[in-house]
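Structure, as structure tokens:
The values are calculated or read from the model by the stated rules, or taken from the named source; none is laboratory data. Computed from a predicted structure; not experimentally measured. Please note: Cβ atoms are built from the backbone with ideal geometry, for glycine as well, and neighbour counts cover all protein chains shown.
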Amino acid sequence: MSNFNSFSPNAGLGGQVFNMVEGDQYEGLRITLKESNCLTDEDDWDLIDLETVHTVTLHFREHGTTSLIASIPCTVVAATDTVWLEWPPGVLDDLEGSYEGEIEVVYMDTSIVTIFDILNFNIRKDFSN
């Protein structure tokens, strides 16, 4: 069974929580970034052009705190208009509770766009540890 998710953080997923188990090795997340332009219908949202993107980073922290656990670089897959997040070894070790992630996009011209919607993660302890 694959631990893989594909989603757009700004596509009406405000209440969605990604449930995970500490220490597991997840394949990653494929993320589609869209520009809502204040439109309510997701079908009308434009894909964010990734051709001029320099980096995409997920900033990961415990819910309700300000200290980052990790800033995880994503791989830009411009051909499919997605980015790929692969969890580095050890990031999910010894974690239990609610966590959140913020996606930051840095363009070639050094301009920065932070995706407004926060990604939510719920991590529980592994039964065998």
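Considering the range 87-105, the residues that are more than 18 Å from Ser67 (Cα to Cα) and surrounded by 15 or more Cβ atoms within 10 Å (Cβ to Cβ) include one that is modelled with the lowest pLDDT, namely Trp87. Is the range 59-81 home to any residue that is in contact with a Cys (Cβ under 6 Å, 6 or more places away or on another chain), of a type in the set (Val, Ile, Thr), modelled with pLDDT of 90 or more and within 24 Å of Tyr99 (Cα to Cα)? No. Could you list all residues from the range 59-88 that are of a type outside the set (A, V, I, L, M, F, W, C), assigned to a strand (DSSP E or B) and in contact with a Phe, Trp or Tyr (Cβ under 8 Å, 6 or more places away or on another chain)? Correct list: Arg61, Glu62, Ser71, Thr75.
Among the numbered conditions (1) at pLDDT below 85; (2) surrounded by 13 or more Cβ atoms within 10 Å (Cβ to Cβ); (3) in a strand (DSSP E or B), the only one that Asn10 does not meet is (3). Do we have Phe116 as within 15 Å of the chain's Cα centre (by Cα), assigned to a loop (DSSP other than H, G, I, E, B) and surrounded by fewer than 15 Cβ atoms within 10 Å (Cβ to Cβ) here? Spelling it out, Phe116 is indeed within 15 Å of the chain's Cα centre (by Cα), assigned to a loop (DSSP other than H, G, I, E, B) and surrounded by fewer than 15 Cβ atoms within 10 Å (Cβ to Cβ).
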